[in-house]
1. Kindly indicate whether residue A:253 is within 14 Å of chain B (Cβ to nearest Cβ) and crowded, with 21+ Cβ neighbours inside 10 Å.
2. Determine if segment B:78-90 includes at least one residue that is over 17 Å from the mean Cα position of the chain (by Cα), more than 14 Å from chain A (Cβ to nearest Cβ) and surrounded by fewer than 18 Cβ atoms within 10 Å (Cβ to Cβ).
3. Can you confirm whether segment B:97-115 contains a residue that is surrounded by 13 or more Cβ atoms within 10 Å (Cβ to Cβ), more than 7 Å from every other protein chain (Cβ to nearest Cβ) and more than 22 Å from residue A:189 (Cβ to Cβ)?
4. Which condition does residue B:89 not pass, out of (1) touching a strand residue (DSSP E or B) at 6+ places or on another chain (Cβ under 6 Å); (2) within 24 Å of residue B:19 (Cβ to Cβ); (3) touching a residue at least 24 places away in the same chain (Cβ under 8 Å), if it passes all the others?
5. So residue B:135 clears everything in (1) at pLDDT 95 or above; (2) within 14 Å of chain A (Cβ to nearest Cβ); (3) surrounded by fewer than 16 Cβ atoms within 10 Å (Cβ to Cβ) except one condition, right? Which one?
6. If you take the residues of segment A:228-242 that are surrounded by fewer than 19 Cβ atoms within 10 Å (Cβ to Cβ) and either in contact (Cβ under 8 Å) with a residue 12 or more places away in the chain or part of a helix (DSSP H, G or I) (or both), which of them is nearest to the other protein chains (Cβ to nearest Cβ)?
7. How many of the residues in segment A:156-187 are more than 10 Å from chain B (Cβ to nearest Cβ) and at pLDDT below 95?
8. Would it be correct to say that residue A:76 is within 30 Å of residue A:225 (Cα to Cα) and crowded, with 22+ Cβ neighbours inside 10 Å?
């Protein structure tokens, strides 16, 4: 293939979708963007960005461990990210209570162990694991039909849980003490939510890379919350920004052959900076 | 007067340490009661007993004619020390709404229709107007001042039209004019809506003019009565086991001086 960017968007779009791998990438990217934005909106509200980042690092030992065991890479992502979520959920409880000081120590430890394990698996594996760079910074070339279908199932699952638990989760996220006194199962919800973050991160890491998940998980949600304080608008805007960021990044990555993660991060960061700036000016 | 909550021979403990015991206390319908005493005396624990969140070690408790916790939906509760910093980008109105339906499963779609949604919206508007929060309820709560946030949180506790309102330190970290304004607001809710209010405060002075009765927790005991009976140099000194002086100002209002661990603006050296 010899990608050539013209100034005619119709021609460009036509060129993009003529390859099945590009259609797969667009579908996978869209699913991942929606899931990351929805889960990320709650991550920002709960101030659990550090947890989100650490869980995305879990994808690294996940992928290298799966390669070592001869399993599909995707299974490694999901097992390690969800396992990491459960480790953080149960490790950060002191005498049955959630403790923030304990939590950040546990999260940091889990992150360090993840990197060490990832490197260990990689050196034990010895072979060429696609390329480490692809793993860390993302690629859309290898997205198969099966991967798209798996992402669709994960997106449906995350969407279903959020549809059922959305309101009490919002209550517990923004006003934990009142929610707890009101009978909301705050602790159970925090475990369920960490598992959702694990799923979202495992899905996202397969497309944008282990190190740059953060950009799609946190930045669109933070940007949307800067622009509006209305819950419905804010959620919808976060999803729209994440989807547009992904589409733009896929297009740029296709025509320039540079890493997808770079464009996702740059666009997301520019949007966030613009939103902060706009809010500053409005004051 | 009818009693809405009674404790008889009640005792609570944290682990092996008894917090207070032998408490015979009543809350009457429609009265404004101040829950006073030093830090760690068990004031918040008293509210948690009424809510059914803390079990008694001894004695009995009845709340709204049943065991504590049975009528949780008829009690509005404002937990201690909540404030929202500038990064919380959620409207005050949405926090008030959580008091109404925050525990229900599901996710409401924005701009919903239906009679139930319309009724909920009308109730939220009414309660926001009642606490005087109309001007700032649509702003992100993190951008509201401490006094404005406290009004919105009282609206959240009030939105289910409770028979009883339990407020834990709502005056903490407010400046003096806001302490007076929030005290007056709570007294008005009590008088106009007939709600029984129990308000926990560390410093009795900004409140004394508004209260019907006080319950003092200190030294493992509880003493209840009208302010003129309980807030005396003899009673408080005996409760604290230290010299506490009660002065009567020229306008007849009481002022407590020298209470151990009282805020610094009373000239008590730490």
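1. In short, no.
2. no
3. The answer is no; no qualifying residue exists.
4. So the condition that residue B:89 fails would be (2).
5. Of the numbered conditions (1) at pLDDT 95 or above; (2) within 14 Å of chain A (Cβ to nearest Cβ); (3) surrounded by fewer than 16 Cβ atoms within 10 Å (Cβ to Cβ), the odd one out for residue B:135 is (2).
6. For segment A:228-242, the residue satisfying everything is A:232.
7. 2
8. Criteria not met by residue A:76.
The values are calculated or read from the model by the stated rules, or taken from the named source; none is laboratory data. These numbers come from a predicted model, not from an experiment. Virtual Cβ from ideal backbone geometry, glycine too; neighbours counted across all protein chains shown.
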